[in-house]
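Let me begin by presenting the structure, written as structure tokens, before commenting on it.
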Amino acid sequence: MVALFFYLLFLKRMKTFYTHAKIFRKGRFAEETLVVEEGRVVAPCEPSPEDRVVDLEGRYLIPGLVDVHVHLREPGFSRKETIATGTVAAAAGGYTAVCSMPNVYPAPDTPETLHMQTDLIRRDAVVRVYPYGCITMGQRGQGELVDFAALASEVVGFSDDGRGVQSEALMEEAMRRASAVGKPIVAHCEVDALLNKGYIHDGVYCREHGHRGICSESEWQQVERDIRLSEKTGCQYHVCHVSTKESVELVRQAKARGARVSCETAPHYLLLCDEDLQEEGRFKMNPPLRSRADREALRAGILDGTIEVLATDHAPHTAEEKSRGLEGSAMGIVGLETAFSLLYTHLVETGILSLERLVALMTDNPRRIFGLSGGVEAGDDADFTVLDLNAKWTIDPEEFYSKGRATPFAGWPVQGRVVLTVVGGQVAYEWKNNNSK
């Protein structure tokens, strides 16, 4: 027993040294060593003989990616995704933390229904999962508000993602209650009366191919309303998956006034537009791919700091649900396993965006805005990602860990691969050349 005690004590105190790494700290990269002990980053020191040394051979080490907008589908829709498959996919994409949207069944609108989800998270998640609570009972976007105080301690914020809150008075009261408990309102902005049964952007492709369109006003009119209510109530407000140039400008102006407003966009809105549409369900999401002008406005927004967060809106469906073309397929695509490589290849390698800005958009900014832990500074939970920026590969949905396969980027060649994801000092994902995935 004495020998076992000292053996366990030895293991507990063993440090791991990640050497010869280009580490991202305080907005820049420098070749340094990261030291981890008992799941936390500790101050630099010299290794002892019993310590473990991992030579990263000049690769890039960044704080773990954070995705504030994912759909893990469980409980209720495990045919689409589970906590287990979704978080393994997240780890493979370099994410150490994700925020899970409330469109599950039952919806997390009471502590009891929320606990059905958090029990699964504790059992199955391989990365950190921070759930959202609903804004309205049943996540209906109308009717009765949830008990914000009862949910606040266990959620990262409140959202009715997939449904915009239609009543101005209801949203104002929701913001007052969320502000009182110190949590943000995270809003899917959509005016139902303006949708007109549309399912792709109301643009050139829509008209030329006989589809029904979703106008830009359906998004930005609600963004405009919510920003006004946020300034009136003092509530922290975050806009989900911004897709229009008008929404970008509204957020830009709000920030200039000092409003507590932030927003995100997703890789598909930065890399594609409605000119790229094909008659396949893998090109259908909500909001839809907008115009070229909207795409350029989004790119300008990430360059000038208006858009502070990049999120995937990872939304897996079954193959059958995505096989019905643009009109009949379910809304949503997957993105956790491809986001970094796509953005690095098409924004950084092309000179549109610096690597440092991309990393901040996917790591430091969402942690700061949502108050999340983890990173690479001494005292942080050791949540980090290692990247091989020279690695080239081709996106193949059949190799995804996610149950979802629908992506408009299938077959795209990309550069930059996640080779290691560490959560709380433990390896959540490691890529090797002989991996089947």
Distance between modelled label sites at residue 116 and residue 296, nm, 7 Å Cα→Cβ extension: 4.8 nm
17 Å reach of a label modelled at residue 55, 7 Å along Cα-to-Cβ, counting backbone N of the stretch 12-42: 17-22, 32-34
C-alpha center-to-center spacing [the stretch 257-322, the stretch 147-218] in angstrom: 15 Å
Residue 153 accessible area, assembled protein chains, probe 1.4 Å, Å²: 110 Å²
Across 284/322; 197/245; 197/284; 80/183; 392/432; 26/432, pairs whose alpha-carbon gap is larger than 19 Å: 197/245; 80/183; 26/432
222 nm mean residue ellipticity, helices alone, for the chain (DSSP H n ≥ 4; -39,500 (n - 2.57); rounded to 500): -8500 deg cm²/dmol
With DNA, RNA and ligands ignored, accessible area of residue 118 (1.4 Å probe; Å², nearest 10): 10 Å²
For the stretch 113-128, Karplus couplings with θ = phi - 60° (6.51, -1.76, 1.60), whole Hz, Gly/Pro x: 6, 4, 5, 4, 7, 5, 4, 5, 4, 4, 7, 10, 6, 9, 10, 6
Accessible-area value, residue 29, 1.4 Å probe, nucleic acids and ligands omitted, Å²: 40 Å²
Relative contact order, percent, the stretch 354-437 [alpha-carbon distance under 8 Å, six or more residues apart]: 27 percent
Residue 430/residue 280 FRET efficiency (R0 22 Å; Cβ-Cβ; nearest 0.05): 0.10
Computed over the chain, Cα set: Rg, Dmax in Å: 21.6, 78
Under 15 Å from residue 22, Cα to Cα: aspartates and glutamates that are on another chain or at least 8 residues apart: 31, 32, 55, 57, 356, 377, 388
FRET E, pair residue 168, residue 256, Förster distance 25 Å, beta-carbon r, rounded to 0.05: 0.60
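The values are calculated or read from the model by the stated rules, or taken from the named source; none is laboratory data. The structure displayed is predicted, hence computed values, not measured ones. Cβ: placed from backbone, ideal geometry, glycine included. Neighbour counts: every protein chain shown. Accessible surface is based on the protein model in full, side chains and every heavy atom, while ligands, DNA and RNA are left aside. Shrake-Rupley method; radii C 1.70, N 1.55, O 1.52, S 1.80 Å.
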